[in-house]
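Student: Submitted below is the structure of interest, expressed as structure tokens.
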Amino acid sequence: MTTTDLWVDAVQDIIGAGRRMDRFGWVPATAGNISRRLPDGRIAITRSGGHKGFLTPDGVIEVGMDGRAMHAGDRPSAETLLHCQLYAHDPAIGAVLHGHSVASTVLSMVATDGAIILADYEVQKVFEGQTTHEASVRVPVFDNDQDIARLCTVVAPDLGRMPAGYVIRGHGVYVWGPTMDVALARLEGLEFLLACELEKRKLRR
């Protein structure tokens, strides 16, 4: 593949992911961001302010590992640094997804011990290293912070120990994988389980 072909392939992956996430209501309004690392090391990510369900190729821009746009006039989301942090941590990560579902937003706001614990669900096996439902998965919850560089320092100690991704309180989830397809499967798994947890809490009332 040429460098142009690689870019087109990454852009199409991102557009497809945006439509899929929008279909489930995980990227309302202009919320969320989606990125993919190309085999040549470039990072493609959604432009700030666009609706992820209606993306076009113009809605995807290139950024460096420092989160800065590679072309004049392009404006990446401030949260781009959280994507870059994951890519820098693990060269096997090829895609990062960030969504704002109702379940992740609500559950993160009532989580009191810094995490949401998922246990005894069959779907847990979608996460790396999980082979049985007879286990629990800890999904860290980090307090929201408009200073993304500072938030990165809070997230950093947990890197490598979050098989299901993480949640920013009152904000949304971050999930990743070696490919876009794997990242999407993990996102769908996590969102399903968070929705189950939310329903369980309603039934306890």
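The values are calculated or read from the model by the stated rules, or taken from the named source; none is laboratory data. Bear in mind that the values here come from a model prediction, so they are computed numbers and not experimental data. No Cβ is skipped: glycine too gets one built from the backbone with ideal geometry, and neighbour counts run over all protein chains shown. The accessibility values were calculated without ligands, DNA or RNA, using every heavy atom of the protein model including side chains. Shrake-Rupley method; radii C 1.70, N 1.55, O 1.52, S 1.80 Å.
Student: What does the stretch 90-130 give for Rg and for Dmax, in Å, if only its C-alpha atoms count?
Tutor: My reading of the Cα-based Rg and Dmax gives 13.1, 34 Å.
Student: Go through Val154, Thr4, Trp26 and say which Cα lies farthest out towards the positive end of the charge dipole of the chain; charges sit on Cβ, +1 for Lys and Arg, -1 for Asp and Glu.
Tutor: Trp26
Student: Restricting to DSSP H runs of at least four residues, report the calculated mean residue ellipticity at 222 nm for the chain, -39500 (n - 2.57) per run over all residues, nearest 500 deg cm²/dmol.
Tutor: -11500 deg cm²/dmol
Student: Here's another thing I want to ask about it. Starting from the alpha-carbon convex hull of the stretch 1-105, give the projected area averaged over all orientations, in nm².
Tutor: The directionally averaged projection comes out at 6.5 nm².
Student: How much of the DSSP beta bridge set in the chain is antiparallel, as a percent to the nearest 5? All intermediate terms of the calculation are to be shown ahead of the outcome.
Tutor: Numbers: 26 of 28 bridges.
Antiparallel: roughly 95 percent of the beta bridges in the chain.
Student: In debye to the nearest 20, how big a dipole does the stretch 1-113 give about its Cα centre with +1 on each Lys and Arg Cβ and -1 on each Asp and Glu Cβ?
Tutor: Charge dipole, the stretch 1-113, about its Cα centre: 260 debye, nearest 20.
Student: Can I ask one more? Report the Cα centroid-to-centroid distance between the stretch 108-141 and the stretch 30-78 in angstrom, as an integer.
Tutor: 29 Å
Student: Using 7 Å Cα-to-Cβ label points, what is the Ala72/Ile148 separation (nm, one decimal)?
Tutor: About 2.3 nm separates the two model spin labels.
Student: Count charges around Leu107 for me, please; just the other residues with Cβ under 14 Å from its Cβ, Lys/Arg as +1, Asp/Glu as -1.
Tutor: Result for the neighbourhood of Leu107: +2.
Student: Next up: Within the stretch 164-198, name every residue whose backbone N is under 16 Å away from a label modeled 7 Å from Cα of Ala111 along the Cβ vector.
Tutor: Only 164-176, 187-198 fall inside the zone, counting backbone N under 16 Å.
Student: Taking the Cα atoms of the chain, report the difference between the largest and smallest coordinate on each principal axis, in whole Å and largest first.
Tutor: In descending order, the Cα extents are 53, 33, 33 Å.
Student: Rounded to the nearest percent, how much of the accessible area of the stretch 132-205 (1.4 Å probe, protein heavy atoms only) is carbon and sulfur?
Tutor: 53 percent
Student: Compute the accessible area per residue over the stretch 126-173, keeping the other protein chains in place, probe 1.4 Å, unit Å².
Tutor: 48 Å²
Student: Hey, another quick one. Averaging sequence separations of C-alpha pairs under 8 Å and six or more residues apart, then dividing by the length of the stretch 109-168, give the relative contact order as a whole percent. Write down the numbers at each step before the final one.
Tutor: On the way: 72 pairs, mean separation 20.4, N = 60.
The normalised contact order for the stretch 109-168 reaches 34 percent.
Student: Let me ask something else. Using +1 on the beta carbon of Lys and Arg, -1 on that of Asp and Glu, and nothing else charged, what's the dipole of the chain about the Cα centre, debye to 20?
Tutor: Taking the Cα centre of the chain as origin, the dipole is about 540 debye.
Student: Work out the charge dipole of the stretch 109-205 with +1 on the Cβ of Lys and Arg and -1 on the Cβ of Asp and Glu about the Cα centre, then indicate which of His171, Gly129, Val110 is farthest towards its positive end.
Tutor: Final value for the positive-end residue is Val110.
Student: Tell me the carbon and sulfur percent of the accessible area for the stretch 2-120, rounded to whole percent, probe radius 1.4 Å.
Tutor: Numbers: 2970 of 5330 Å².
That share works out to 56 percent.
Student: Could you sort 8-14, 23-29 so that the peptide with the highest average Cβ count within 10 Å comes first and the rest follow in order?
Tutor: Packing order, densest peptide first, comes out as 8-14, 23-29.
Student: For the stretch 49-205, calculate the relative contact order in percent as a whole number, restricting contacts to Cα pairs under 8 Å that are 6 or more residues apart.
Tutor: Over the stretch 49-205, the number comes to 26 percent.
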